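Remarks on the structure that follows.
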Amino acid sequence: MSDVTAETAAPAPPTGLKRLWKSIGLLRESYVGMFGAVLVCFWVFIAVFVDLLPLQDPLAQTRGAQMLPMLTADAKDVMHWMGTDDRGRDMLARLMYGARVVLFWSVLATVVAYSIGMIMGVTAGYRGGWWDEIISFIGNVFLAFPQIVLLLVIITAFGPSSQLGIWMTNELGLDKTLVSGSLIIIAITFSTAPQVARIVRGIVLDLKTRDYIAAAEVRGESPLYIMLVELLPNARGPLIVDACLRLGYVIITIALLGFLSLGLPPPDPDWGKMISDGRQWGYNGLNMMLWPALAISSLVLGLNLLADGLREISLRD
Amino acid sequence: MAKQGATVDKDTPVLECKDLSISYYTRAGEIPAVVDFNLKVMPGEAVGIVGESGCGKSTVALAIMQYMGKNGAIVGGELKFMGRDMRTMSEEELRNIRGSRISMVYQEPMASLNPSMLIREQLNEVLIYHEGISDEEATRRSIEMLDAVRLPDPERVMDSYPHQISGGQQQRVVIAMALLSNPQLLLLDEPTTALDVTVEAGVVELIKDISKRFGTSMIYISHNLGLILETCDKIAVMYSGEAVEFGTVKQVFDEMRHPYTRGLFNSIPLPGADRHARPLVPIRGQLPLPHERPRGCNFGPRCDHFRDGLCNVHELHMEPVKGQSGQSVRCVRYQDIDWDKAKPKAVEAETIEFGPTVLQVKNMQKYYEVNDGSIGALLTGKTTRYVKANEKLDFEAREAETVAIVGESGCGKSTFAKVMMGLETATGGEVILNGKEIGNLPVNKRSPQLVGSLQMVFQNPFETLNPSHSVGSQIARVLRKFGVAKDKEEARQKVLELLDLVKLPRDFARRRPRQLSGGQKQRVGIARAFGGEAAVVVADEPVSALDVSVQAAVTGLLTDIQRKRRTTLLFISHDLSVVRYLADRVVVMYLGQIMEQGNTEDIFSPPYHPYTEALLSAVPIADTSIEKKHIVLEGDLPSPMNPPSGCPFQTRCPRKIGAICEQQMPPLKEFGNGHRILCHLDDDVLTSMEPVIAMPGDKAKRGKASAKPATAPSSGRAKAAAAAAALAAMPAPVKEKARPAATPARKKAVAPARKPAAAKKAAAKPAGPVRLKKPESKADDLKLISGVGPKLEQTLNKLGFWHFSQIARWTKKDIAIVDDELSFKGRIERDNWLKQAKALAKKSGR
Ligand SMILES: Nc1ncnc2c1ncn2[C@@H]1O[C@H](COP(=O)(O)OP(=O)(O)O)[C@@H](O)[C@H]1O
Ligand code: SF4
Ligand code: SF4
Ligand SMILES: [Mg+2]
């Protein structure tokens, strides 16, 4: 048959950075997503640069300046924009430093839970058979527990005040925050990873029927290679959206643990703990509860809207 | 006029499109999907629309249904149904017309059926809604209609859910549903593309006489010229949003005038000719995107008869063909082209010496175990059942040979490929590659060399490459894996060589798969398969998902490489016409068994196995001069879970002789030369069969590469030998010069010298952009700016913009002003317009 000249060349492919820039450009078309992104960026910015901001020491307790309402100055004429808490600590500073604490632990917990969930999901979905039965069974067991009960059981059983926790802090000399933090991560992994696994498994079940997977099998690739290189990168679209939502839930969970005094140990500012600190003062503690509550909801709202926006633009063309 | 129920005027077209233009509005601006489309459908007439995917066929259908989605709109022309412009009708009126007076059948039957409703309910609903008749009456009529679309056992079908019947039956139900309301116009958009060949043949048989039996006019959309020939009276050939040729089927098939139409015909295989007598000629290049169409003739950049200064000057219009009433064509040169000279030349039949036997398949058997959890199975204790995917495969393939494996979906072709590749192991028998048993060797136990010597080209171009990795890295991975390339540098070099081999530009190595067209992806797939030292390549329907004009190029490439490298090619396909063009031997499979095998010539001439005979007659043929037998098979493929007793084909065989076929496995009959048929029919019955496909004045022996005229008199095709002689004596074809001139809008060049002057001018006039009255001299064709369609051009003209140079001078402020005036929702890259306008202005010298 006759020769074919090469088909006409299309424009050169955009490189990594340019592609990223283009995707951000696309996000501009979704107002909802844009709004979410702004909220999230705000908190991320605060969390990263909080040291450089002209804030007071979040741990410094000012005598005689307890529970000031917002926009009041204390005796030393220091302005407390958001007032102070029951120990005379500056709310604004605590809130901002709290952002760092919350974001650090929630992102870390989400990453860990996600990695484990992805490995479970991709294995169950791709290997199928016994792998799938066992992984799905384990996942279902954890999902069958009410989430909050699961968290409470894990934290009270292994928390800082448990035998194990005491041993870890006293004998091993581990930092209390570290112990509580890892525990939070473990608890969240147990409750979140099965959900992630379920989503990943669904996506993989669809992807694994594609010809490029057959092509990889035909050239004798190992299952590990196929799962990591051929399958997971193609699941990233829906997973990025899901990760945004999931991060929101994790933030709420961490706040909830803090609220139940099961979270990070004092005196580090933790939004959930801040709310519960205010709660014991009843109506008088309203100012103490208002700000952290607003912070949590704005961050979670931002993540949800961002996820919506990402989904919207990924559905278009 | 023409109220519902009023008598139909014989001279009023049922549907008339006059200069219809349809655009979609997207991020990139206005996309003119269809431009100046003209079509008249008279009562009882069937009109075919043919063209490559993306040319706007479906858009026309959706516009007729007035289902344009929220980003599509008719932007010009008229669309008249029974003499009334549909654009002026109210939503209420349209609703009444849709579904009752115009019905549509889509490619996917399940798109029109509700999976959770009985077919009875869905059919009756149509009648009750439109005619308000009683339920019993509706049931009676529905059953009648199911009978009319030749569904066996209509009562049973009525009480089934859609998923309980087969795909072919579903499509018949959809057609019945569309016909129930007795529409004046039936639109069919690729109604058989999702079906198997023999099932398709049955549905086509039905569609063919819908017009006659029901008096319904029809618009039949397809990419398959053969199907249009079988079903339609007239045909419109579409290319890149325009009709390029229109006429009766006879006119267009015998005396096509447009180079694109001719290109389409030259790229499809026809029976009665083979690859030597009438080589397939692909159309080079690709369909331009709607907003990247060239100036002048849209086909220009791909046309062999392109003339600079003639074809790329102004927009072309459909012109009536002299001496042919009713035929029209959109080509300025149609009278000047000497088709006899431009005929594809016959090539010398190359003789290939086949080497030693490379592959032996001996009584290969593959059963899949399935666990049957149903209560019945549990009671009888038979919880494990077997799917007999391959029953007893027995054939050989030699070095450099192409063996085609033909059969419909579910016949076990892919299972066999999986066993070959080591993704499954055989249940019984042997598969021997170069003396080594591999049927029981899973892929992870095979050596890299063995894996590399057995490779595969996959069916679906959109799935064959991993979207996350670049083309180059995917090919390189194969090379490293097979140990062909030791290090990165060597792999890189080899990747480039492989890209050369499959005739893709080298910079494709850096591209992502989504930046490639279907044909290009398939080429990468071929490069990957030949990356190792492949001894056997299995190609599983490698071209069935591609457009016809690209198919030829890809099959050509595949066989070229295969012959050059003396690789054995197992070509899996359902399309016998393609197989005839490239196979040396053919194996016909049905329900996991080989029904017939032999050399290609022997398969395509009697004696046939009854199944092969049916398959051959099911292939649509785009040639008016060829007579073919119509054998329509009853029923559907049986399930391989419980295959029929005796002969596997007995449930559908039109030649079945009786009980013996149901009780005994037929014997394998030898007809010499390795031609074997599995059938109870007597030898003399088999040998006295008539050819399925009859050539005009067919006396000579068929099949052989005789350089006899294959087709209609004086048509562009055929007379291969004569053409070859003529070509030898002819000077080389005129080479086009200045090709780039055909695509001015694509140039990104900016005219720097003009910029300051333009800016100054704009600055001197603070009151917004420069506007002009309608110029006496010719206005520029603003549509050449991508993102400007006919609608936006009109608006721009109204605002006083007539020339590229005006737009080129817009400042940011001007753009804002213009944006306000255009009142166009959505973001358009106006800067881009400026750049383009500048380049265009420079070109036109204003
Ligand atoms: N909803 C849409 N939005 C934007 N562009 C579209 C839309 N639908 C179709 N198109 C474009 O319009 C052109 C014609 O498409 P279509 O009518 O589907 O062609 P065909 O049916 O011949 O394959 C194509 O370039 C396609 O990409
Ligand atoms: S107008 Fe010119 S480029 Fe277009 S089809 Fe005719 S000859 Fe070819
Ligand atoms: S054996 Fe009988 S049923 Fe089978 S193909 Fe031959 S004639 Fe038909
Ligand atoms: Mg279409």
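The values are calculated or read from the model by the stated rules, or taken from the named source; none is laboratory data. Please read these numbers as outputs of a predicted model, since none were measured by experiment. Every residue, glycine as well, gets a Cβ built from its backbone with ideal geometry; the counts of neighbours run over all protein chains shown. Note: accessible area is taken over every heavy atom of the protein model, side chains too, but ligands, DNA and RNA are not part of it. Shrake-Rupley method; radii C 1.70, N 1.55, O 1.52, S 1.80 Å.
Quick check: anything in segment B:33-41 more than 16 Å from ligand 4 (Cβ to nearest atom) and among the small types (Gly, Ala, Ser)? No, because not a single residue in segment B:33-41 is more than 16 Å from ligand 4 (Cβ to nearest atom) and among the small types (Gly, Ala, Ser).
Here is a yes/no grid of residues against (1) open to solvent by less than 60 Å² (accessible area, probe 1.4 Å); (2) more than 16 Å from ligand 1 (Cβ to nearest atom):
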{"residue": "B:Thr88", "(1), (2)": "no, yes"}
{"residue": "B:Met104", "(1), (2)": "yes, no"}
{"residue": "B:Ser116", "(1), (2)": "no, yes"}
{"residue": "B:Glu136", "(1), (2)": "no, yes"}
{"residue": "B:Ser166", "(1), (2)": "yes, yes"}
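Annotation: B:Ile64 fulfils all but one of (1) at positive phi; (2) within 16 Å of ligand 4 (Cβ to nearest atom); the unmet one is (1). For B:Ala201, the test of being within 16 Å of ligand 2 (Cβ to nearest atom) and touching a residue at least 40 places away in the same chain (Cβ under 8 Å) is failed. Considering only residues that are of a type in the set (Val, Ile, Thr) and more than 9 Å from ligand 1 (Cβ to nearest atom), which ones fall in segment B:39-79? Those that are of a type in the set (Val, Ile, Thr) and more than 9 Å from ligand 1 (Cβ to nearest atom): B:Val41, B:Val47, B:Val50, B:Ile64, B:Ile74, B:Val75. Considering segment A:265-317, and only residues there that are aromatic (Phe, Trp, Tyr) and in contact (Cβ under 8 Å) with a residue 24 or more places away in the chain, the residue that is nearest to A:Tyr31 (Cα to Cα) turns out to be A:Trp291.
For segment B:592-609, the criterion of being more than 10 Å from ligand 3 (Cβ to nearest atom), under 30 Å from B:Gly48 (Cα atoms) and modelled with pLDDT of 85 or more is satisfied by at least one residue. If only residues of segment B:449-462 that are of a type in the set (S, T, N, Q) and outside any loop (DSSP other than H, G, I, E, B) are counted, the one that is nearest to the other protein chains (Cβ to nearest Cβ) is B:Gln455.
Any residue at all in segment A:195-204 that's open to solvent by 20 Å² or more (accessible area, probe 1.4 Å), modelled with pLDDT of 80 or more and within 14 Å of chain B (Cβ to nearest Cβ)? Looking through segment A:195-204, at least one residue is open to solvent by 20 Å² or more (accessible area, probe 1.4 Å), modelled with pLDDT of 80 or more and within 14 Å of chain B (Cβ to nearest Cβ).
Within segment A:24-50, the residues that satisfy the criterion of being open to solvent by 90 Å² or more (accessible area, probe 1.4 Å) and not basic (Lys, Arg) are A:Tyr31, A:Phe35, A:Phe42, A:Phe45.
Looking at the structure I just gave you, is B:Ala389 away from chain A (no Cβ under 14 Å) and part of a loop (DSSP other than H, G, I, E, B)? No. When B:Thr261 is tested against (1) away from ligand 4 (no atom under 16 Å from the Cβ); (2) open to solvent by 10 Å² or more (accessible area, probe 1.4 Å), only condition (2) is not met. Could you list, in sequence order, the residues of segment A:270-317 that are surrounded by 19 or more Cβ atoms within 10 Å (Cβ to Cβ) and either acidic (Asp, Glu) or outside any helix (DSSP H, G or I) (or both)? Within segment A:270-317, A:Asp270, A:Asp277 meet the criteria. Say we look at segment B:288-313 and pick out the residues that are crowded, with 16+ Cβ neighbours inside 10 Å and under 21 Å from the mean Cα position of the chain (by Cα); which of these is farthest from ligand 2 (Cβ to nearest atom)? Among those residues, the one meeting the criterion is B:Pro290. Residue check: is B:Ala509 more than 11 Å from chain A (Cβ to nearest Cβ), open to solvent by less than 30 Å² (accessible area, probe 1.4 Å), aliphatic (A, V, I, L, M) and under 29 Å from the mean Cα position of the chain (by Cα)? No: the conditions fail for B:Ala509.
Taking the listed residues A:Leu228, A:Leu232, A:Leu205, the one that is assigned to a helix (DSSP H, G or I) and under 25 Å from B:Gly452 (Cβ atoms) is A:Leu228, with no other qualifying. Counting only residues that are in a loop (DSSP other than H, G, I, E, B) and within 16 Å of ligand 4 (Cβ to nearest atom), segment B:93-107 holds 2 of them.
B:Val502 satisfies every condition listed in (1) facing another protein chain (nearest Cβ under 9 Å); (2) farther than 23 Å from A:Leu228 by Cα; (3) open to solvent by less than 10 Å² (accessible area, probe 1.4 Å) except (1).
Taken together, the residues in segment B:30-54 that are within 14 Å of chain A (Cβ to nearest Cβ) and away from ligand 2 (no atom under 16 Å from the Cβ) amount to 1. Just one of the listed residues (B:Lys57, B:Lys80) is in contact (Cβ under 8 Å) with a residue 40 or more places away in the chain and either open to solvent by 30 Å² or more (accessible area, probe 1.4 Å) or within 16 Å of ligand 2 (Cβ to nearest atom) (or both), and it is B:Lys80. Here B:Ala485 meets each of (1) at the interface with chain A (Cβ under 10 Å from one of its Cβ atoms); (2) touching a Lys or Arg at 6+ places or on another chain (Cβ under 7 Å) with one exception, condition (1). The set of residues in segment B:428-448 being away from every other protein chain (no Cβ under 11 Å) and not in a loop (DSSP other than H, G, I, E, B) consists of B:Gly428, B:Gly429, B:Glu430, B:Val431, B:Ile432, B:Leu433, B:Lys436, B:Glu437.
Close contacts from segment B:302-329, counting a first residue that is within 14 Å of chain A (Cβ to nearest Cβ) and a second that is more than 8 Å from ligand 2 (Cβ to nearest atom) and modelled with pLDDT of 85 or more, with Cβ to Cβ under 6 Å and a gap of 6+ residues or different chains, come to B:Arg302/B:Ile283.
Just so you know, in segment B:264-287 the residues that are in contact with a helix residue (DSSP H, G or I) (Cβ under 6 Å, 6 or more places away or on another chain), open to solvent by 10 Å² or more (accessible area, probe 1.4 Å) and among the small types (Gly, Ala, Ser) include one that is nearest to the other protein chains (Cβ to nearest Cβ), and it is B:Gly285.
Of the conditions (1) part of a loop (DSSP other than H, G, I, E, B); (2) more than 12 Å from chain A (Cβ to nearest Cβ), B:His291 clears all except one; give me its number. That leaves (1) as the condition not met.
Of all residues in segment B:193-224, which are away from ligand 4 (no atom under 16 Å from the Cβ) and open to solvent by less than 10 Å² (accessible area, probe 1.4 Å)? Across segment B:193-224, the qualifying residues are B:Thr198, B:Gly202, B:Val203, B:Val204, B:Leu206, B:Ile207, B:Ile210, B:Thr216, B:Ser217, B:Met218.
I need the full set of residues from segment B:540-556 which are more than 12 Å from chain A (Cβ to nearest Cβ), closer than 17 Å to B:Ala417 by Cβ and buried (at least 22 other Cβ atoms within 10 Å of the Cβ), in order please. B:Val543 - this is the single residue of segment B:540-556 that is more than 12 Å from chain A (Cβ to nearest Cβ), closer than 17 Å to B:Ala417 by Cβ and buried (at least 22 other Cβ atoms within 10 Å of the Cβ).
Across segment A:210-222, a minimum of one residue is classified as open to solvent by less than 20 Å² (accessible area, probe 1.4 Å) and of a type in the set (Asp, Glu).
Scanning segment B:463-482 for residues being touching a residue at least 40 places away in the same chain (Cβ under 8 Å) and more than 9 Å from every other protein chain (Cβ to nearest Cβ) gives a total of 3.
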